[in-house]
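K.L.:
Below is the structure I would like to discuss, written out as C-alpha cells.
The values are calculated or read from the model by the stated rules, or taken from the named source; none is laboratory data. No experiment lies behind these values; they were computed from the predicted model shown. In this analysis, Cβ positions are derived from the backbone assuming ideal geometry, glycine residues included, and neighbour counts consider all displayed protein chains. The accessibility values were calculated without ligands, DNA or RNA, using every heavy atom of the protein model including side chains. Shrake-Rupley method; radii C 1.70, N 1.55, O 1.52, S 1.80 Å.
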Amino acid sequence: MTSGPYNYSYIFKYIIIGDMGVGKSCLLHQFTDKKFMADCPHTIGVEFGTRIIEVAGQKIKLQIWDTAGQERFRAVTRSYYRGAAGALMVYDITRRSTYNHLSSWLTDTRNLTNPSTVIFLIGNKSDLDGQRDVTYEEAKQFADENGLMFVEASAKTGQNVEEAFLETAKKIYQSIQDGRLDLNAAESGVQHKPASPGRPLAAQPPARDNCAC
Amino acid sequence: MNYEETKSVVQEKFLSSERVTAFLCDAKVLHPEWVKKDRLLCIVEYGDEKAVFCLFTSSYPPKSFTDLSIEIVLPIDNTFKCEIDNKPSDPEAVLYLNLQSRNNKFKFEIQMTPRVDNFVDDLFRGIEAVSKVPTQPEFVWLKKYHGKDEDDIITQFSVIPRSGVAHAQNSAPVAIRESLIKRKMYDKELEYTFTKKFTVFCGTWNVNDKSPVIPLEGWLSVDREPPDIYAVGFQELDLSKETFLFDQTFREDEWYNAVINYVDRRAKYVKLEKVRLVGMLLIVLIKQKYISHVRNVVCDTVGTGIMGKMGNKGGVSIRFDLHNTSMCFVNSHLAAHVEEYERRNQDFRDICNRTRFLQPNQQAKAIKDHDQIYWIGDLNYRITDLDPNTVKQLIKDNNFEKILEWDQLKQQHKNNNVFAGYTEGPITFKPTYKYDPGTDNWDSSEKNRAPAWCDRIFWKGEAISQLAYRSHPALNISDHKPVSATFSSSIKVIDEEKYRKVYEDVIKQLDKLENELIPQVKVDLTEIDFGTVKYLELQVRTITIKNIGKLPVEFEFIKKLDETSFCKEWLIVEPYKKCICADESCEIQLKVLINKTSACKINAGTDKLYDILVLHLYGGKDIFITVTGTYQRSCFGCSIEVLVNLNKPIKDVPVGKLIELENKRDQCVSNQSTYSIPKEIWFLVDHIYLHGLKEPNLFEQPGLHSEVLQIRDWLDSGSVDPIPGSIHSVAEALLLLLESTADPIIPYNLQSICLKASANYLQCKQIVMELPEFRKNVFLYLCEFLQEALQHSAENGLDAKTLSTLFGEIFLRDNPNQIQEPQSRINKQVIDKKKAQFVHHFLVNDHSDLIFTR
C-alpha cells in the first residue's frame, strides 16, 4: 500500500453566506453528512464542518464555515470572510427578498475577501419549483454579470450540492495551478498540508489572531 | 515519578470500580502504519472480567490522566491469545508481546524490566480465569471505551491526541488519520481485491566462475506456458580478486544477456531489477504487459562473508508490489564447508535481519514484511554422517528420501533453526553438487565429498503452489547444476471500482467521525435582556454552557474584527475562558455596570446597551450571544450644559432630546438656559446647607450605596418627597455627580495652566474668570458653599486643606482619554498638591467680586 492516495495536500477554507433561512446549514449538512436536516434551527453563530474531497487526483480538505444569516449578526459574521478561498452565496428561489439582497452580500464578499476568492452562487430549494419566485434565467444573468459560478441546488434532495462544493474547489485548485492564487499570502484561504509536525492546521477565525490565548 | 504514582495516574483514567491490576511503560506498538511512540499497557479488572488497554500518553511519564488517551482495548475473552517472543538479537532486553482478541492483532515491543513478569503473570491469570468460566463474559463495561459504535475504528479514532482538548489541531491527528485510513483499507482488502494466478519461475545456479558459453533454454525455457515472472539467481559469478575487492565484473552483463536471450521466447519480458553483490546476481523479469502494475521496486544486498560483512557470501534481494501483493525475491550464497551448518543458519538470520528496503517517506521494509517471499540460492547445506559412496549408491538407486534424512537443511529446517515458516517442495532430482565441470560425473578430486543438494528454493506466503522443482543436469559447465522451480501464485488485484467504493466509505466514515468530534456545546440562552439598567447598579445574568460532545471543550469569548476587547466596557464576563469536560457544564456570569464613562457615551448616543459576544469553541464553531438592555437615563454622566437646560426631571425628557442636547452642549447659551447651575447640584448642596453643615465628618464619612441609588432615583424622577438618605449619602451623591459630568468643571485643556498658576491667587482667579459660563457658576457656587461649611468646622470637623484636596481632584479631573505617562508616586503627589493649592485659594479668600461680575 502506498501512502499517496491517502494524503491530502491542501486545506481550503469556505464560507457560506446569505439571508436567514435560505438553507445554508442544510447545504453544509447535506455535503458533510449526506443528510437533510428537516428542522434545522437558526444558526446563532458560525458552524463548522469539514470533508475531504478529491480534485485532479489531489486530496483536499475543505473547512467550511457556515455563518448566521440574521441581519443583526451581519457585523459580526463579517469577521469570518477573511481568508476564505471559496464563498458560497446562497439565496432561496422561493423568496425573492433573499435574491434581492444578493448584491449586498456580494459587496461584503468582494470587500472582505481577496480577489482570487471563488464566489459560487447557489439558488437553494430547487425542489420547490412550484413556489419559485426567482427564475433560473434571471439569477444566471446576475451571476454572469458579476462573474460568479452558479447552480440551482436542493439541500433536501441533494441535487447539485456536491457539484457546488466541488466546482468551487476545482476553480480554486485551478487558480493555484495557474499561479493566480498565492499560497504564501496569509489570506489566500489555502494551506499546504504541513510537512512537519507542530504547524497549525486549521484556519482560525481572524478574530482569534489578536486574542491572548 | 515512581511506579505507584504512575499507577494511580493510570487508575484515574478509569472508574473506581475498574481496577488497574498491572501496567507497563515503554511498550511500542509494532505496526507499520502506527506512530512508533511509547505507549502504556495496562490490565484493568472489572468484577470477573479483565481487559488489556493500550494508552497513548502525551507526556511521559503521564502526570495527569488527561495526558492519557485509550488507543486499543482488548477484552480478555475466549478469543484472547497471548504469545511471547524474545527479540533474537537482544533476547535479554527486549520482549515481543503478541496480543489477539476478536480478530484484532497487535504486537508490542517491551523493554525487559522486573515489572514485566508481574504484568505477564497477571495477563495469564486473566486468560486462565476466562477458560474456566463456561459462559463468555459480556464486557458491557468496555462499551464506553469503544464509543457508541461497535466498529473498532472508533476506538482508534478517539485516540487522536488532541492533547485532551479539541484545539490541538496540529499535524499529529493528520498522521494518525492517514494511518487509520491505511489500516482500515488494509483490513478491508478482501472487499476490493480479487486474486489472479501468476506463474513465477525461480532459478538458481552456482556457475563457479564460468562464462555463459552454453545455451540456457534447457533451464530457463522448459515450462509448458511461459512464466509471468522470472527470478534468476547466480552465485560465484566471478571468483577473481578484483570482483571480491572492488566488486566489479564483466560477467554480470554476460550472464544478464544470456538470461535475456534464453528466457521463454513466446512472451515478451522486461527487466524489473537486477542486483549483484560480488558473485551473487539476482535478475527479476516480468512479462511486459504486467509492468504497469508493478510499483515500489527496491533492492538490497547483505554481505555475511569474511568479518561478517564481505560480499563473498550473503544475499541479494529485490522487492516490489505487483498489483496489491508485495513480493520479495532473495538470492543467497551461504557459508561453505560441510560442518558449518550453524554458520549457514546464522547467515540466513543475518540476511533476514539486515536486509532493509528503503522507500521514500515510508518505514523501511524487511524481508518478512512481504506477502510472498521466494528464497533461492546456493545454501550450501550438505549430507553429513553418511559415507560418500553410500550416498552415490543410493542416488544410483534413485533413493533420495533415504539420503535426505541426512540433509542438513532438512534437519535444520525441521527444527526451525532456519527458514522457519518457509516451505520447500519435495526433492525428486539428483544432488546438484559436486560434479566434474563439463560432465555429469561426481567430483573426482581427492576430497571425495558426498554429493549434496546445495542449490535450493524455498517460499513463504499464502496461496502459492509449486508446479515444478527440478535440476537441469544438461547444463554442465559448472561444478553445480542449475535448479529451478515454477510456482502458481495468487496475486491480489485491486478492483478499482470496488476499491473506490470502499475507500470512499472509509473516508466518509472518518469525515463523519471528525465532524462528530468537532466540539459541541449547548448554550441555554443566546439572547440576554437585562431589562432596565440603572446608573451604577450592578446587574447579573447567568448562562450555562453544557458540553454535549465527546471531547473536552475549551471555550473563549473572542474579539470581533477591529475591536480591542471581546465585549463592551459596561459588560463583565466571568469566566471568559475555560475548559469543560464532556457532559459537564459551566456557568458564566454576565454583569452589566454603567459607570460614568459608559453613561457619558450612552447619554451622547455613541454607545448603547447592545453587544454581540462571540463564544468560540477551540476547533469548532462560534456561538453568538446577544446582550441587550434599556439604560434608564440619569443626571449622572450628563454634562453640566445639558443639566442646566432641563426644566423637568431627566426621566421625563425623551432620550432623543437628551442625545441632541449632549451633542450641542458646546453651543449652550446662557440667556436661553433654564438654570445658572444644574438643579440637581443645587438640590444636593441646598440639602446639606440646610441640614448638614454641622454634621461631623461631613464629606469624609462615606454614604450607603443603597441610599446613593435612592438619591439618584429621587433626582432623576423629580420627586416631591424629601431627599432620602443620610447627610453622608447626600454628600457622596454630590461628589459622585460632580465626578460623573461628561466634562470636568475645569476643562482638560486648562488643567496644566491651572497647575502652573496654582501658587498665584490672582492668576487662578483669572483662569476661573475664563471658564465656560456654567462651569464657572458651579465652581464658584460650590466654593461659596464650602466656605460656608468651613464656618462650622468646629462641628463638622472640616478644614480647608482636606476640602481643597478632595475638591481639587473633582474640579481638576484627570483626562481618562489621555494616555497617562506612568506617573511616579512623587510626581502624582506634586500634581495633587497643586490641584489642592488651586482650590484652596477659593476656600480661604473672598471671591465675591467674581460672582458679581456677571
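K.L.:
I'd like the full set of residues that are touching a residue at least 60 places away in the same chain (Cβ under 8 Å), closer than 14 Å to B:Leu74 by Cβ and open to solvent by 20 Å² or more (accessible area, probe 1.4 Å), limited to the stretch B:97-124.
P.N.:
If the condition is that a residue be touching a residue at least 60 places away in the same chain (Cβ under 8 Å), closer than 14 Å to B:Leu74 by Cβ and open to solvent by 20 Å² or more (accessible area, probe 1.4 Å), then B:Lys107 is the only one that fits.
K.L.:
Out of the residues in the stretch A:13-56 that are under 18 Å from A:Gly158 (Cβ atoms) and polar (S, T, N, Q), which is nearest to the other protein chains (Cβ to nearest Cβ)?
P.N.:
This residue is A:Thr32.
K.L.:
I would also like to ask the following. Among the residues of the stretch B:729-744, are any more than 57 Å from the chain's Cα centre (by Cα), more than 20 Å from B:Ile640 (Cα to Cα) and among the β-branched types (Val, Ile, Thr)?
P.N.:
The answer is no; no qualifying residue exists.
K.L.:
So which residues in the stretch B:633-659 are closer than 14 Å to B:Pro744 by Cα and open to solvent by 10 Å² or more (accessible area, probe 1.4 Å), if there are any at all?
P.N.:
In the first step, residues of the stretch B:633-659 are kept if they are closer than 14 Å to B:Pro744 by Cα; the result is B:636-643.
The answer is B:Glu641, and nothing else.
K.L.:
Another one. Just checking, does the stretch B:342-361 include any residue being within 34 Å of the chain's Cα centre (by Cα), in the same structural domain as B:Cys454 (by TED's automatic domain parsing) and free of Cβ contacts under 8 Å to residues at least 12 places away in the same chain?
P.N.:
yes
This table checks each residue for (1) assigned to a helix (DSSP H, G or I); (2) crowded, with 22+ Cβ neighbours inside 10 Å; (3) at pLDDT below 90.
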residue	(1), (2), (3)
B:Gln363	no, no, yes
B:Lys410	yes, no, no
B:Glu446	no, no, yes
B:Arg449	no, no, yes
B:Ile457	no, yes, no
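K.L.:
If you don't mind, there's one more thing I want to ask. Quick check, is B:Ser484 under 30 Å from B:Ile457 (Cβ atoms), more than 14 Å from chain A (Cβ to nearest Cβ), open to solvent by less than 60 Å² (accessible area, probe 1.4 Å) and outside any loop (DSSP other than H, G, I, E, B)?
P.N.:
Numbers: under 30 Å from B:Ile457 (Cβ atoms): yes; more than 14 Å from chain A (Cβ to nearest Cβ): yes; open to solvent by less than 60 Å² (accessible area, probe 1.4 Å): yes; outside any loop (DSSP other than H, G, I, E, B): yes.
Yes; evaluated as a whole, the condition is true for this residue.
K.L.:
A follow-up question, please. Would you point out which residue out of B:Val614, B:Val592 is away from chain A (no Cβ under 13 Å) and open to solvent by less than 40 Å² (accessible area, probe 1.4 Å)? Quick ask: steps written out before the conclusion?
P.N.:
Details: B:Val614 fails: away from chain A (no Cβ under 13 Å).
Checking each option against the conditions leaves just B:Val592.
K.L.:
Look through B:Arg343, B:Arg356 and report the one residue that is open to solvent by 50 Å² or more (accessible area, probe 1.4 Å) and either more than 26 Å from B:Arg449 (Cβ to Cβ) or in contact with a Leu (Cβ under 6 Å, 6 or more places away or on another chain) (or both). Steps first, answer last, please.
P.N.:
Details: B:Arg343 fails: either more than 26 Å from B:Arg449 (Cβ to Cβ) or in contact with a Leu (Cβ under 6 Å, 6 or more places away or on another chain) (or both).
After applying the criteria, what remains is B:Arg356.
K.L.:
Test A:Thr109 against the criterion of being of a type in the set (Ser, Thr, Tyr) and in contact with a strand residue (DSSP E or B) (Cβ under 7 Å, 6 or more places away or on another chain), and give yes or no.
P.N.:
yes
K.L.:
Also, I was wondering about something else. Select from the stretch B:617-638 the residues that are within 14 Å of chain A (Cβ to nearest Cβ) and of a type in the set (A, V, I, L, M, F, W, C) and list them in ascending order.
P.N.:
First pass over the stretch B:617-638, keeping only residues within 14 Å of chain A (Cβ to nearest Cβ): B:617-628.
Result: B:Leu617, B:Ile623, B:Phe624, B:Ile625, B:Val627.
K.L.:
Could you grab the pairs with beta carbons closer than 9 Å, sequence gap of 6+ or different chains, first residue in the stretch B:236-262 and at positive phi, second one at pLDDT 90 or above and in a helix (DSSP H, G or I)?
P.N.:
Short answer, once both residue conditions are applied: none.
K.L.:
Only one of B:Ser292, B:Ser317, B:Ser326 is small (Gly, Ala, Ser) and within 14 Å of chain A (Cβ to nearest Cβ). Can you tell me which? Before you say what the answer is, go through the steps one by one.
P.N.:
Details: B:Ser292 fails: within 14 Å of chain A (Cβ to nearest Cβ); B:Ser317 fails: within 14 Å of chain A (Cβ to nearest Cβ).
Selected residue: B:Ser326, the only one of B:Ser292, B:Ser317, B:Ser326 that is small (Gly, Ala, Ser) and within 14 Å of chain A (Cβ to nearest Cβ).
K.L.:
So in the stretch B:645-665, with the set limited to residues that are closer than 19 Å to B:Trp714 by Cβ and in contact (Cβ under 8 Å) with a residue 60 or more places away in the chain, which one is farthest from the chain's Cα centre (by Cα)?
P.N.:
Here the residue is B:Lys648.
K.L.:
Do any residues in the stretch B:190-212 that are closer than 18 Å to B:Ile373 by Cβ have Cβ atoms under 6 Å from those of residues that are acidic (Asp, Glu) and at pLDDT 95 or above, where the two are at least six apart or on different chains, and which pairs are they?
P.N.:
Correct list of pairs: B:Phe198/B:Asp228; B:Thr199/B:Asp228; B:Thr204/B:Asp455.
K.L.:
Checking the structure you have, find out if any residue of the stretch B:158-170 is assigned to a helix (DSSP H, G or I) and modelled with pLDDT under 80.
P.N.:
No.
K.L.:
Checking the conditions here, which among B:Ile548, B:Ile543, B:Ile612, B:Ile623 is under 38 Å from the mean Cα position of the chain (by Cα), free of Cβ contacts under 8 Å to residues at least 60 places away in the same chain, under 30 Å from B:Lys144 (Cα atoms) and not assigned by TED's automatic domain parsing to the domain that holds B:Lys144? Explain how you work it out, then say what you get.
P.N.:
Working: B:Ile543 fails: free of Cβ contacts under 8 Å to residues at least 60 places away in the same chain; B:Ile612 fails: under 30 Å from B:Lys144 (Cα atoms); B:Ile623 fails: free of Cβ contacts under 8 Å to residues at least 60 places away in the same chain.
Going through B:Ile548, B:Ile543, B:Ile612, B:Ile623 in turn, the sole match is B:Ile548.
K.L.:
Is it true that some residue in the stretch B:559-573 is assigned to a loop (DSSP other than H, G, I, E, B), more than 12 Å from chain A (Cβ to nearest Cβ) and in contact with a Gly (Cβ under 8 Å, 6 or more places away or on another chain)?
P.N.:
No, there is no match, as no residue in the stretch B:559-573 is assigned to a loop (DSSP other than H, G, I, E, B), more than 12 Å from chain A (Cβ to nearest Cβ) and in contact with a Gly (Cβ under 8 Å, 6 or more places away or on another chain).
K.L.:
Same structure again: Return the only residue of B:Ile373, B:Ile395 being assigned to a helix (DSSP H, G or I) and among the β-branched types (Val, Ile, Thr).
P.N.:
Working: B:Ile373 fails: assigned to a helix (DSSP H, G or I).
Among B:Ile373, B:Ile395, only B:Ile395 is assigned to a helix (DSSP H, G or I) and among the β-branched types (Val, Ile, Thr).
K.L.:
On to the next question. B:Leu285: under 19 Å from B:Lys196 (Cα atoms) and over 38 Å from the mean Cα position of the chain (by Cα), yes or no? Please lay out each step first, then the result.
P.N.:
Numbers: under 19 Å from B:Lys196 (Cα atoms): yes; over 38 Å from the mean Cα position of the chain (by Cα): yes.
Answer is yes for this residue.
K.L.:
What are the residues in the stretch A:156-191 that are modelled with pLDDT under 70 and either within 14 Å of chain B (Cβ to nearest Cβ) or open to solvent by less than 80 Å² (accessible area, probe 1.4 Å) (or both), if any? Give the steps one after another, and end with the answer.
P.N.:
To start, the set of residues in the stretch A:156-191 that are modelled with pLDDT under 70 comprises A:184-187.
Correct list: A:Ala185, A:Glu187.
K.L.:
May I pose another question? Identify all residues within the stretch B:831-842 that are at pLDDT below 90 and not charged (D, E, K, R); write none if there are none.
P.N.:
Hit for the stretch B:831-842 is B:Ile831, nothing else.
K.L.:
Can you name the residue in the stretch B:731-755 that is more than 19 Å from B:Leu803 (Cβ to Cβ) and free of Cβ contacts under 8 Å to residues at least 60 places away in the same chain and is also surrounded by the fewest Cβ atoms within 10 Å (Cβ to Cβ) among such residues?
P.N.:
Across the stretch B:731-755, the extreme among qualifying residues is B:Asn749.
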